[in-house]
Amino acid sequence: MKAKISKLLMQLCGWKYIGDIPQVKKAVVIAVPHTSNWDFIWGKLAFLSHNIPTTVLMKKEMFVFPFSIILKSWGVIPVNRSKKGNMTDELAKEFAARESLYLSMAPEGSRSLRSEWKKGFYYIALKANVPIYLAEINYKDKTLSCGEAFYPTGNVDEDMKKIKSKYTNSKPKYPEKFTTGL
């Protein structure tokens, strides 16, 4: 039922999912570009429309009533960014403990312009031994795709260049807030 409602909402708003869906049970999915809160909504609807249960991390400050109820039902995990700890190890354990997990992350770490992307998604995938799917949202064409699977090699600098190069022609909602930094 969620899939049908999600697909209908996307269609009514002129959005569509293109391409294949992941064929693995566990992956880190990076959602790029991230310049608007709408990116989360369209991305979540796209995955729900294909019965792909994604999990996302979001700052705990967003978990206020009534949004907290919706966010939790959508698989959003609140993160206390002021608490020091090893989130990479914790999330790698989550991958090991679950039969299926699609962890969706925005490597820019913010909706503001950032020339440097955060690398946590990379280290989580490397430690959990799962692929990174290079998902993209395109506001010009109103399309979303999961993209191709990228397997981290351990050479973070070279791998980040390859990953970022996939997004050089992206069409974000706010182009002035996006760069790959290449």
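Some observations on this one:
- Beta carbons closer than 9 Å, at least 6 apart along the sequence or on distinct chains, pair a first residue in the range 114-127 that is in contact (Cβ under 8 Å) with a residue 40 or more places away in the chain and outside any loop (DSSP other than H, G, I, E, B) with a second that is buried (at least 17 other Cβ atoms within 10 Å of the Cβ) and among the polar types (S, T, N, Q) for Ile124/Thr88.
- Restricting the first member to the range 1-28 and to residues that are under 23 Å from Leu101 (Cβ atoms), and the second to residues that are in a helix (DSSP H, G or I) and not small (Gly, Ala, Ser), the beta-carbon pairs closer than 7 Å and six or more apart or on different chains are Lys2/Leu48; Ala3/Leu48; Ser6/Leu45; Ser6/Leu48; Lys26/Phe95; Val28/Phe121; Val28/Ile124.
- Near pairs, Cβ below 6 angstrom, 6+ apart or cross-chain, from the range 87-104 (assigned to a strand (DSSP E or B)) to any residue that is modelled with pLDDT of 90 or more and not hydrophobic (A, V, I, L, M, F, W, C): Leu101/Lys26
- Looking across the range 1-18 at every residue that is part of a loop (DSSP other than H, G, I, E, B) and modelled with pLDDT of 90 or more, the one that is surrounded by the most Cβ atoms within 10 Å (Cβ to Cβ) is identified as Trp15.
- Residue selected from the range 50-78 under the condition part of a strand (DSSP E or B) and not β-branched (Val, Ile, Thr), by the criterion surrounded by the fewest Cβ atoms within 10 Å (Cβ to Cβ): Lys59
- Pairs where the first residue, in the range 36-55, is under 19 Å from Lys4 (Cα atoms) and the second is surrounded by fewer than 16 Cβ atoms within 10 Å (Cβ to Cβ), C-beta under 7 Å, 6+ apart: Leu45/Leu9; Leu48/Lys2; Leu48/Ala3; Ser49/Ala3; His50/Ala3; His50/Ile21; Asn51/Ala3; Ile52/Ile21
The values are calculated or read from the model by the stated rules, or taken from the named source; none is laboratory data. Please read all numbers here as calculations on a predicted model, not as lab measurements. Virtual Cβ from ideal backbone geometry, glycine too; neighbours counted across all protein chains shown.
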